[in-house]
Each structure stands twice: as structure tokens, then as C-alpha cells.
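Worksheet for the structure shown next.
The values are calculated or read from the model by the stated rules, or taken from the named source; none is laboratory data. The shown structure was predicted, so the numbers you read here are calculated from the model rather than taken from an experiment. Please note: Cβ atoms are built from the backbone with ideal geometry, for glycine as well, and neighbour counts cover all protein chains shown. Quick note on the areas: whole protein, heavy atoms, side chains included, nothing else; ligands and nucleic acids left out. Shrake-Rupley method; radii C 1.70, N 1.55, O 1.52, S 1.80 Å.
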Amino acid sequence: MTERVCVVGAGSFVPTRTISNERIARAIPGWSAARIEEKIGIKERRFLWDFDDETGRAIPPPDDVQGRFYPATNTDMCEVSLRQALSRGGVDPKELDALFVVTCTPDAPHFNHDAMVLHERLGLREDAFALVVDDGCGGTPYVLDLVRKMMEGGRFRTVAVVASAFTSPLLNREVYTDELPPTPGRPKALNAYLSMYVFGDGAGAVVLRTQQGEEDGPGILSSFSGNAYAELVSRRGGGMLKLPYQPGRTRPSEMAFVVDGFKVARSYPEYMQKCLDAVLTPAVREQVKRYYFHQPNKRVMDAFVNRAGLPKEAVACNVDRIGNTSAAGMLILLAEDLEQGRVALGSGDLVVVAAVGANVHYGAQLVRL
């Protein structure tokens, strides 16, 4: 018998509001609807909040203390996905020793707001940790590697990791049709509209538990994470140096998440291959049933899958219909597969989670379900 960190539950939430390329291109001019699909392979994305096509502004749901507008926030989406993961794993919230929320779009930016709200809503124990990790697309496997090491140290037995992306409230024509001017290391301006075309809303959650089992039983079999340094995504506003109400210090685009598409396309295959090489041997690779990758856009991911020689049918994908959901994407894919029966907890299915993103975190796990 051996003790391993096992995935015992997974859950997700994806909004039902579908935003076509035609609508988003009308609200945020830049590319045509046809060019959006041609360049990034995304046909539509999902938004929790709606927007006004004519003004190009997000429309918040009405304030409602009776809870009729639920989910309506980042924390709400996280709660739905986490409750589903706990239910699927048969885990009582009071069993959690720690809760990590991986997001760069929290409802409030300070004091671990979203994690603390979830802690209260689910009635976690007073001594259970609740932390927000400010991270983007590579954050999920990065944090999973951290959590695995902490759990193997014996302090934690049961931990939840929730990841989210909440794009729809950001929609603002003035902000996302502006551009970042050139810098000494980047000779061309960066347009902000690509981010609004690429990203969507959603949340995913996974519950991990240390448990005894056979040597060939369930668990995280190998795990890896690393750091590099490149500004793949910029959001320069905020903090103490770029507050929006300091005259002359910011411009609209500095309040946007601005993707450097060229850097993403160049760096993604390099670090994703590094992730796979770290957690897979050639023999094990033949046994992997499903791959859950970060999906920057469909064109970039498809190019990597071809380059890496992976079977296309084994690589889960939903970015073309729900958009890039950043750190949440891999967990949403896993939860979808569990819901649809493509993989099953306790089945012995081998799966891989891998991602690179932001500036730069990357990581991967080989998991036996």
C-alpha cells in the first residue's frame, strides 16, 4: 500500500449566454467576425454578463438581495463549480484543510476576497486556509504542483483548487479598442481588442485528497512546475503606480488584459513540450487517455498538438465554443469529460493536465483517475 494525492472530485460552471463573433466584433471593432474565426479558431464564447452592442459596454445584472440573479459574479461561478466537485467526490466542505482560488479576475482585488467569501458560504472550518492566487492561464497546474508538495508533507489531507475567468464585466469599447504603444523591447503597438475576442467566462474546481491505495492505484503520478520571464499578457493599470484616477499616468488600454499574440504563439509550444517531457516517458505516453491543455486559442493549440505528434482525439477542446477560460479551462474540460463519461474517477484512466501562461508560470500533472 502507498499513500498518494488523488483527484476525488471535479466540477465546472460555464454560462449559457453565447456571444457570436458577429456580436463581439460589432461591440469591439477591430477584426471582422470572419477574421476572428480565421485567425484564432473561435466561433463563439460564453459570457455571464450581457453587453450593449451599440455602446460596447458591459451590462451588470440587477442588484438583487433575494438571489434571483445567481450566478452573477466570479465568486458565484467558483461556488457552483466547487459545490459540484465536492458533491462528485462525496466530500463534506468541513473536511477541507485548504482552499485555493486561482484567478486574475476576482470580484474584489484585495484581502483574499473571493476565497474568503467561498470559505464563509461553504462553512469551512475556522482553521482551513483560504487564499486567492493571482494567476492566469498557467496557474492551475502551477498551484496543483504546490498543493501536491504541501499534501505530501502531511499538513493537509483534503484540499480544493478552484480556477476562474470572468471576462464579461471588462467589456468596454474605450478600453479594448485602445492599444499599448511600442516599448524598447517591442517595436509595434499591441491592440487590446484581441483579448475580448479570445476570452470567455467560466470556473472549474478539483478536490484532492491523500489516501492509501495500491501502487498502481489512483493518484498524481508525477508533477512539475516552473517559471520563466516574458510578458505574454499585460495589464499595467492598478497597483500603486498606475491608479486610473492619477491624471496622466494611465491610458485606457492599461486597464485591459492585452495579449501579445506573437509571444504566445512562439512560447506556447516551447513550454508545453517542456511540461510533457517532465511528466511523461515514451511508454507512459502511449497509455494516456486524455490531455487537458490550456487553450490560448484553437489555432495555437492545434498547431502544438500536430507538432507534438499527439492523437487529436485524445486532446480535449472546447475553446472554439466557450472561449479561452484561462486557468479554469483545464478543470472545465476534465469536469465535462467526467459528466459525459469519457473518463471516470476510480477507473484507472491516465490523463495529463498541462499549461503555460501569463508571465510565465507553467506546469503539468500526470494523473491516474
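Residue by residue, here is whether (1) among the small types (Gly, Ala, Ser); (2) open to solvent by 10 Å² or more (accessible area, probe 1.4 Å) holds:
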residue: Arg45; (1), (2): no, no
residue: Ser81; (1), (2): yes, no
residue: Thr103; (1), (2): no, no
residue: Pro106; (1), (2): no, yes
residue: Asp114; (1), (2): no, no
residue: Leu122; (1), (2): no, yes
residue: Phe129; (1), (2): no, yes
residue: Asp134; (1), (2): no, yes
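Going through region 161-177 one residue at a time, which ones are surrounded by 24 or more Cβ atoms within 10 Å (Cβ to Cβ) and under 25 Å from Leu118 (Cβ atoms)?
Val161, Val162, Ala163, Ser164, Ala165, Phe166, Thr167, Ser168
Taking only pairs six or more apart or across chains, which ones have beta-carbon atoms under 7 Å, a first residue in region 338-352 that is closer than 15 Å to Leu221 by Cβ, and a second residue that is surrounded by fewer than 15 Cβ atoms within 10 Å (Cβ to Cβ)?
Listed pairs, sorted by first residue: Leu350/Gln287.
Kindly indicate whether Gly226 is within 30 Å of Ala27 (Cα to Cα) and either of a type in the set (A, V, I, L, M) or within 26 Å of the chain's Cα centre (by Cα) (or both).
Working: within 30 Å of Ala27 (Cα to Cα): no; either of a type in the set (A, V, I, L, M) or within 26 Å of the chain's Cα centre (by Cα) (or both): yes.
Criteria not met by Gly226.
Look at region 16-34 and say how many of its residues are of a type in the set (A, V, I, L, M, F, W, C) and surrounded by fewer than 16 Cβ atoms within 10 Å (Cβ to Cβ).
Of all residues in region 16-34, those of a type in the set (A, V, I, L, M, F, W, C) come to 19, 24-25, 27-28, 31, 33-34.
Cutting the leftovers down to surrounded by fewer than 16 Cβ atoms within 10 Å (Cβ to Cβ) gives us 34.
Result for region 16-34: 1.
Which helices (runs of 4 or more DSSP H) does region 244-311 wholly contain that include 3 or more residues that are within 26 Å of Lys188 (Cα to Cα) and in contact with a strand residue (DSSP E or B) (Cβ under 8 Å, 6 or more places away or on another chain)? Spell out the reasoning first.
Details: elements: 261-279, 282-285, 298-308.
Per the criteria, 261-279.
Is it fair to say Glu37 is within 30 Å of Leu190 (Cα to Cα), outside any loop (DSSP other than H, G, I, E, B), in contact (Cβ under 8 Å) with a residue 12 or more places away in the chain and open to solvent by 10 Å² or more (accessible area, probe 1.4 Å)? Outline the logic, then answer.
Details: within 30 Å of Leu190 (Cα to Cα): yes; outside any loop (DSSP other than H, G, I, E, B): yes; in contact (Cβ under 8 Å) with a residue 12 or more places away in the chain: yes; open to solvent by 10 Å² or more (accessible area, probe 1.4 Å): yes.
So Glu37 passes the test.
Which residues, counting only those in region 189-216, are over 18 Å from the mean Cα position of the chain (by Cα), in a loop (DSSP other than H, G, I, E, B) and closer than 22 Å to Ala25 by Cβ? Outline the logic, then answer.
Start the filter on region 189-216 by keeping residues that are over 18 Å from the mean Cα position of the chain (by Cα), which leaves 189-193, 209-216.
Next, only the ones that are in a loop (DSSP other than H, G, I, E, B) stay: 189, 192, 214-216.
Hits for region 189-216 are Ala189, Ala192.
Kindly list the number of the only condition in (1) β-branched (Val, Ile, Thr); (2) assigned to a loop (DSSP other than H, G, I, E, B); (3) surrounded by 14 or more Cβ atoms within 10 Å (Cβ to Cβ) that fails for Thr55.
Of (1) β-branched (Val, Ile, Thr); (2) assigned to a loop (DSSP other than H, G, I, E, B); (3) surrounded by 14 or more Cβ atoms within 10 Å (Cβ to Cβ), only one is false for Thr55: (3).
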